[in-house]
């Protein structure tokens, strides 16, 4: 099964990388951009056919390694084969 | 309008970060994971109400700054307010 994990900074957590991209876009002529937040998009291939079980395992992976849950949120999306 | 941009490494491009995450997950007991690919997930807030125009502008932003189109693909998703 394939799954997608989205890791984003929690609301209120400063995102200097996003701010840098936002400022640079403004300098390049994209003045309509008011905010940019940069997160991670992770594609995981795993040998597990049960969606509920896969989500549970992926959640454990996020909590233990993929996300820093002090400052980041994560969202899991499992895809049908 | 808000938009989401997904930046992923093109197929065939080596992803050492993903490999490192994959190996570490294996060591942590997640042996069912066979592949991990790490990409970027960017949330953009822009003053533009026309979806087609927003997509066009975002595509230009990706080509000029956000993505390295030699090795990366990008996908744009515009969200209704």
- Item | Theoretical gain in end-to-end length, residue B:20 to residue B:71 [0.36 nm per residue, Cα-Cα removed] | 16.4 nm
- Note on the structure: Output field shielding_mean for A:41-51 (other chain Cβ, 10 Å radius) holds 6
- Message: If packing is taken as the average count of other Cβ atoms within 10 Å, what order do B:11-17, B:66-72 fall into, highest mean first?
- Response: B:66-72, B:11-17
- Shielding by partners - mean other protein chain Cβ count within 10 Å, residues of A:5-17: 1
- Determine one quarter of the surface area of the Cα convex hull of chain A, which equals its mean projected area, and express it in nm² to one decimal. 6.6 nm²
- For chain A, calculate the relative contact order in percent as a whole number, restricting contacts to Cα pairs under 8 Å that are 6 or more residues apart. 52 percent
- Task: Arrange the peptides A:57-64, B:30-37 so that the one whose residues have, on average, the most other Cβ atoms within 10 Å appears first.
- Result: A:57-64, B:30-37
- Task: State, in angstrom, two size descriptors of the protein assembly as shown derived from its alpha carbons: Rg to one decimal place and Dmax to the nearest whole number.
- Result: 16.6, 48
- Message: Taking the 0 to 90 degree range and rounding to the nearest ten, how far is the long axis of helix B:51-61 tilted relative to the main principal axis of chain B, both from C-alpha atoms?
- Response: 60 degrees
- Task: Within 10 Å of each Cβ in peptide B:20-29, how many partner chain Cβ atoms are there on average? Round it to a whole number, please.
- Result: 3
- With axes computed from alpha carbons, what is the tilt in degrees of helix A:16-27 against the longest principal axis of chain A, rounded to the nearest 10 within 0 to 90? 50 degrees
- Most to least packed among B:19-26, B:2-9 [average Cβ atoms within 10 Å]: B:2-9, B:19-26
- Item | Cα centroid separation, segment A:13-39 to segment A:41-81 (Å) | 28 Å
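Every read-out reported here was derived from the displayed coordinates using simple, explicitly stated rules and does not represent laboratory data. Fair warning: this is a prediction, and the values are worked out from it, not measured in the lab. Every residue, glycine as well, gets a Cβ built from its backbone with ideal geometry; the counts of neighbours run over all protein chains shown.
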